[in-house]
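Structure, as structure tokens:
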Amino acid sequence: MPTQIPPEFEPFIESLIAQRRYFSAQEVLAEGLRLLKAKESLNDEVKHGFEQLDEGRHVDGPTAINALRTKLLDREGT
């Protein structure tokens, strides 16, 4: 799939390649897409969390922390 890089991004991409952080514009674009995919996944998780809150499915902070501490102590004990 051929893509065209908008001119305003070309200097940024070229600087990343010049710094040897990436070897090609293709690598830069692939990394950008990976980050966008991760952001979308996080957005989905946050949306799901808010849906759970709207349904009344939540735990208050101290209860959650105590449950995590218990799990951690159980793991350390085994």
Practice task
Report whether or not Val46 is β-branched (Val, Ile, Thr) and in contact with a Leu (Cβ under 6 Å, 6 or more places away or on another chain).
Solution key: no
Practice task
For Ser41, indicate whether it is small (Gly, Ala, Ser) and within 23 Å of the chain's Cα centre (by Cα).
Solution key: yes
Fill in the blank from the handout: Scanning region 44-78 for residues that are over 26 Å from the mean Cα position of the chain (by Cα) and of a type in the set (S, T, N, Q) gives Thr63, Asn66, Thr70, Thr78
Practice task
Can you tell me which residue among Phe50, Phe23, Phe12 is assigned to a loop (DSSP other than H, G, I, E, B) and of a type outside the set (A, V, I, L, M)?
Solution key: Phe23
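None of the figures in this text is laboratory data; all of them are computed from the coordinates on show. Please read all numbers here as calculations on a predicted model, not as lab measurements. Virtual Cβ from ideal backbone geometry, glycine too; neighbours counted across all protein chains shown.
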